[in-house]
1. Which residues, counting only those in the range B:34-54, are open to solvent by 20 Å² or more (accessible area, probe 1.4 Å) and touching a Leu at 6+ places or on another chain (Cβ under 8 Å)?
2. Determine which member of the set A:9, A:62, A:15, A:44 is on the phi > 0 side of the Ramachandran plot, modelled with pLDDT of 95 or more and not aliphatic (A, V, I, L, M).
3. Could you run through the range B:247-260 and say how many residues are farther than 18 Å from residue B:70 by Cβ and more than 9 Å from chain A (Cβ to nearest Cβ)?
4. Is it true that residue A:35 is more than 8 Å from chain B (Cβ to nearest Cβ) and out of contact with any Pro (no Cβ under 9 Å at 6 or more places or on another chain)?
5. State the number of residues belonging to the range B:55-78 that are under 25 Å from residue B:230 (Cα atoms), surrounded by 18 or more Cβ atoms within 10 Å (Cβ to Cβ) and charged (D, E, K, R).
6. List the number of the failed condition for residue A:15; all other conditions in (1) assigned to a helix (DSSP H, G or I); (2) open to solvent by 60 Å² or more (accessible area, probe 1.4 Å); (3) farther than 30 Å from residue B:269 by Cα; (4) at the interface with chain B (Cβ under 9 Å from one of its Cβ atoms) hold.
7. Confirm whether residue A:60 is under 20 Å from the mean Cα position of the chain (by Cα), small (Gly, Ala, Ser), open to solvent by 30 Å² or more (accessible area, probe 1.4 Å) and within 10 Å of another protein chain (Cβ to nearest Cβ).
8. Name the single residue, out of those in the range B:31-44 being of a type outside the set (A, V, I, L, M) and in contact with a Lys or Arg (Cβ under 7 Å, 6 or more places away or on another chain), that is farthest from residue B:265 (Cα to Cα).
Amino acid sequence: MTAREAIFGAIGAAGERAVADEAAIAAAAAGLLARCAPTRPAQGAGTAREIFLRRLRSPALGASVAAVGRAAEVPDAVRRHLAAAGLAPVVALQPHPALRALDWSGFDVRPAIAIDETAAVGWAHGGIAETGSLVFRSGPDSPTLFAFLPLHHIVVVPARRIRPWLEDYATLEAGEAWPRNLTLVTGPSGTTDIEGRLVRGAHGPAHLHVLVLDEGG
Amino acid sequence: MSAMAEPASFRARVAAAVADPRLAEAIARTTGTARRKRAAAVASWADFASARALGRDIKDHVIAHLGHYLALFERNARASGAEVHWARTAQEACDITVRICRAAGARRVTRAKSMLGEEIGLPHALREAGIERIETDLAEHIIQLAGERPSHIVWPALHKTREQVAELFRARHHDAARGADVAALVASARRELRAGFFAAEVGISGANFLIADSGAVCTVTNEGNAELTTTPPRVHIVTAGIEKLVPSTAHAMTLLRLLVRSATGAEVTQYTTFHCGPKRAGDPDGPEAFHIVLVDNGRTRMLAEGLREMLRCLRCGACLNHCVVFRTIGGHAYGGTYPGPMGAVLTPALDGLAANRDLPQACTLNGQCQEVCPVAIPLPKLLRGWRDRSWREGLEPATLRRSLALWRFCVLRPRLYRLAAGGAVRLVRMFARNGWIRRMPFAGGWTRDRDFPAPPARTFLEQYHRSSSARGERR
């Protein structure tokens, strides 16, 4: 008997029917999901964009955020943010076409991200108002490690891609398949492993700056 | 395995723990913060009670249809390009993991903290196989350097003060921090571990959730070490208990809200990642191979033996933080992988009741653990179940059995019982000084570490009869 057979055999011996009524189980699972919405924590008033901004400004999250009207203004917003942090305009750019299309003259754009990169600019797939989270879907234009290697991570998120709840990016849209990594990033990296005290920048970025891009609706 | 030999008996480990004032301080610092932050998070969630009931029902639904969801998960994981392996026991799980490491030519692996990995003894198995292991979670890194075991399921190095961590890092880090400032210690670990992430052939993680309808594996961390562990190496191995299943990603979100608030008081962890299959064509990073090892190790036995509710556990650690016993003796005294109330239920199931019959006894049954559990596990009921079984299997010591037999004899004869109780109260009061008993024959086990309040001069029934007759009531 294989381990697999033994495990399924033990589950059956504990009372589960060998042939599942798949339709009934799916209906029960859908019924559970339908109970979720009324139990969610209150968000307060405002649009998803406003709630998202408020969450990102809350001290508990430890991030910073600014609104940008047009995509063409992103490089200037990045320059200002780096200068305010006392950093030179040296960045690794996520290979996202919308970022690459911008005018980065005056920047030293690194050819690839280094394992101890100081600053990187990213482009998020979406945002979640409930938690102030950024959503990344790994792919050719979104390497997983971009959200983890830099000390300073500056991320553009289109306002129209900000959704109210965690569940809103938990289902596939038409034509989508699950990527290798679906990652929610909520504030900079932190740890409470020594005496329960919160310290930022444990392994991932110590600083997270979000640019909410209003262009495009 | 510990660098320092640990006492073999629970009582001896407890005695050593309560005698250590640094341990008491370390436990109080972390669990105090955790309790405060959890209370604030729950208080600001108006419908926490119904969310908790929903969380419980989601887990119960999955456990009731475990075979169905396991088969569905396996099918979807394979379709995404993952290889799925099955392990009945800890030994089988370690053998499979080591075999995959060897096949990948791994000399070095990185590991993101996983309690299942600790449960199956993976650190030991990797060492036996001559494979270097780099623990990447800060707390796991600390206890790896110290050669110790985790003492908490969320904060494995909870038993260490910052001064002890500073001393350890000074001795072992290449570019160690000076002083015991916590931020400097974290920076020191960041520098030390950075290159390690890219020097491993295999990255090993656990799973917080297994998503049945996509075949994905969810990890949550605050440090970002899981993704740094699972992305650069050529091979990613997940070791996960079969009870981690949820029907879909959306179901996982309800449980995620409950898990994180109960663990740290935050709304969500900094990094929540769903890993689905190996890297896709055109992906700039990610592993070429993705292996998922599904581990039973006693879980199907728990299904059959009345411990079904324990399989709901999300491993948030709230029951540890709120337990008066855990906060007094710390995690190492429990002896198993899992300490605190959830550990006192799990350890007898995993490692046998005979060797662990003390654990369900080391409980005041005050019910705090059940009250803070985000999936409402009836921990006191399960602990009483172990006590009952221990009695029925004859594992309780002869002195206890004789004492209880004597008590039973008396309690079935009310006159004798009243006489004995009245005499006992008067006898015990002879040892009292200023309302407290500091020492008494045959009670050294109690009075060695704490005083005992002197009982009132008369038994309850004596006082009841006296006050009834004073009011002229009929007896």
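1. Selection gives B:52 alone.
2. Numbers: A:9 fails: on the phi > 0 side of the Ramachandran plot; A:15 fails: modelled with pLDDT of 95 or more; A:44 fails: modelled with pLDDT of 95 or more.
Checking each option against the conditions leaves just A:62.
3. Initially, the range B:247-260 is screened for residues farther than 18 Å from residue B:70 by Cβ, giving B:250, B:253-254, B:256-260.
With more than 9 Å from chain A (Cβ to nearest Cβ) added as a condition, the list becomes B:258-260.
Qualifying residue count, the range B:247-260: 3.
4. Working: more than 8 Å from chain B (Cβ to nearest Cβ): no; out of contact with any Pro (no Cβ under 9 Å at 6 or more places or on another chain): yes.
For residue A:35, the condition - more than 8 Å from chain B (Cβ to nearest Cβ) and out of contact with any Pro (no Cβ under 9 Å at 6 or more places or on another chain) - is not met.
5. Of the residues in that region, 1 qualify.
6. Unmet for residue A:15, out of (1) assigned to a helix (DSSP H, G or I); (2) open to solvent by 60 Å² or more (accessible area, probe 1.4 Å); (3) farther than 30 Å from residue B:269 by Cα; (4) at the interface with chain B (Cβ under 9 Å from one of its Cβ atoms): (1).
7. On the way: under 20 Å from the mean Cα position of the chain (by Cα): yes; small (Gly, Ala, Ser): yes; open to solvent by 30 Å² or more (accessible area, probe 1.4 Å): yes; within 10 Å of another protein chain (Cβ to nearest Cβ): yes.
Answer is yes for this residue.
8. Of the residues in the range B:31-44, the ones of a type outside the set (A, V, I, L, M) are B:31-33, B:35-38, B:44.
Among the residues that remain, those that are also in contact with a Lys or Arg (Cβ under 7 Å, 6 or more places away or on another chain) are: B:31, B:38.
Details: B:31: 12, B:38: 4 Å.
Here the answer is B:31.
The values are calculated or read from the model by the stated rules, or taken from the named source; none is laboratory data. Remember, predicted model here, so these are calculated numbers, not experimental data. Using ideal geometry, Cβ is built from the backbone for each residue, glycine included, and neighbour counts are taken over all protein chains shown. We work out accessible area using only protein heavy atoms, side chains counted, and drop any ligands, DNA or RNA first. Shrake-Rupley method; radii C 1.70, N 1.55, O 1.52, S 1.80 Å.
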